[in-house]
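Comments concern the structure below.
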Amino acid sequence: MLKRFFIICSGADTDILDKCSSGEQNKYAGIGATVFFTAAMAFIAAGYALYTVFDNIFAAIFFGLIWGLLIFNLDRYIVSTIKKTGSALDEFIKASPRIILAVIIAIVIAKPLELKIFEKEINQVLLEEKNAMTLANKNQIAEQFTPEITSLQNDIASLEKQIADKETEVNNLYDIYISEAEGTAGTKLLGKGPVYKEKRDKHDAALSDLQTLKAENRDKIQVAETKIVELQKGYSTQVMDTQPIISNFDGLMARVNALDKLPWLPSFFIFLLFLAIETAPIFAKLISPKGVYDYKLEDEEETIKHLILQNKHQRSVILKTENTINDNVYGDIETDEELFTYKSKKARELLQMQADAFYKKQKSIL
């Protein structure tokens, strides 16, 4: 039963192969088994690749099965259409388009399995890329908020400097009027005289201005600090909103690109493995000697071909003979007097009927 199934997979004519030896049947069963397992590998590879795309096991199995059947049909067609002619070069030239197709199929099959085999290494590469993308994303978002935050911080520093400068001025005025009262500076007269009062009033006015400035600048600083907090929250929110996009950066294309950043030699050997598997049925057919099955198939095809050519030639001969007979028959009756008299009589009757019909039509109009 299994042998019969693999023979069907090889695309061989079972009616002809049943008349061949067991060795010939085993050869085509082996070719069919290679075709089947290549399709099975294609199903697994496509299923994994599609799972990374859809993240749904049922969709991956469904489309993977379709892809596996497609590869099975292509391989079966490729193997079944390679005919043994006895000339290795001629067979290779005829099989070259099929070999190219097999190489393409091998690449398509091997790539998803490479992604699975090197999954841990790919994840490490993706992690490094995600970290780099996260830092770059934060820097890009910060460029939208940093200038305004810096400007507000400079405004706060300027307002605080105004207060500090005013406090320094007030403290200096305080030292001046105290020194005047103690007689250590200014007029150097001990006591609270007119100069002391003048300097004390100047200090009190500056102190009042300082208190007013503090109240005004504190309000401005509070508004600026509130704005800075809002901008920082906006920055954090935008970082959080964009982070899931970076976290989900592990799709099929990202993994393929990550695989290309790994050493190429292991991937190359895996590709060679699948190339060998995919082209094995073709080369098995090419290098195998011309067997009984090939002779029987060639004999059947040649028989049908000759029969069709014979029927075609026979139909052309029959047509030529019929044309010759018809030409002779019509040539013999061409000068027949009786036929001429009969056709003349009928032509005269036809003309009379046409004249009568025309007369009736014209009379009805009048």
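The values are calculated or read from the model by the stated rules, or taken from the named source; none is laboratory data. For clarity, every value in this text was computed on a predicted model and none was experimentally measured. Ideal geometry is used to build each Cβ from the backbone, glycine not excepted, and the neighbour counts take in all protein chains shown.
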Of all residues in the range 253-280, which are assigned to a helix (DSSP H, G or I), free of Cβ contacts under 8 Å to residues at least 40 places away in the same chain and over 27 Å from Ala33 (Cβ atoms)? Met253, Asn257, Asp260, Trp264, Leu265
Restricting to the range 207-235, what's the tally of residues that are touching a Phe, Trp or Tyr at 6+ places or on another chain (Cβ under 9 Å) and surrounded by 17 or more Cβ atoms within 10 Å (Cβ to Cβ)? 2
Ile246: in contact (Cβ under 8 Å) with a residue 12 or more places away in the chain and not hydroxyl-bearing (Ser, Thr, Tyr), yes or no? yes
Out of (1) at pLDDT below 85; (2) among the basic types (Lys, Arg); (3) in contact with a helix residue (DSSP H, G or I) (Cβ under 7 Å, 6 or more places away or on another chain), the odd one out for Lys130 is which? (1)
Looking at the range 150-178, I want the residues that are closer than 16 Å to His203 by Cα and have a partner that is aromatic (Phe, Trp, Tyr) with Cβ atoms under 7 Å, at least 6 apart or on another chain. Which pairs are those? Tyr177/Tyr196
Please determine whether any residue of the range 37-48 is over 27 Å from Lys3 (Cβ atoms), among the polar types (S, T, N, Q) and in a helix (DSSP H, G or I). no
Odd one out for Ile99, checked against (1) at negative phi; (2) surrounded by fewer than 19 Cβ atoms within 10 Å (Cβ to Cβ); (3) at pLDDT below 75: (3)
Taking the range 264-283 and keeping residues of a type in the set (Asp, Glu) and surrounded by fewer than 19 Cβ atoms within 10 Å (Cβ to Cβ) leaves none
Quick check on my filter: what residues within the range 5-19 are without any contact (Cβ under 8 Å) to a residue 12 or more places away in the chain and either among the small types (Gly, Ala, Ser) or assigned to a helix (DSSP H, G or I) (or both)? Thr14, Asp15
Of Ser316, Ser344, the only residue that is over 60 Å from the mean Cα position of the chain (by Cα) and in a helix (DSSP H, G or I) is Ser344
Condition check for Leu286: closer than 30 Å to Leu50 by Cβ, of a type outside the set (Val, Ile, Thr) and part of a helix (DSSP H, G or I): no
Ala88 more than 21 Å from the chain's Cα centre (by Cα), surrounded by fewer than 20 Cβ atoms within 10 Å (Cβ to Cβ) and small (Gly, Ala, Ser): yes
Set Ile107, Ile163, Ile178, Ile149: member being under 30 Å from Tyr77 (Cβ atoms) and at pLDDT below 85: Ile107
Among (1) within 30 Å of Thr150 (Cα to Cα); (2) surrounded by 12 or more Cβ atoms within 10 Å (Cβ to Cβ), where does Lys261 come up short? (1)
Looking for something of a type in the set (Lys, Arg), under 21 Å from Pro289 (Cα atoms), in a helix (DSSP H, G or I) and modelled with pLDDT of 75 or more - is there at least one such residue anywhere in the range 66-78? yes
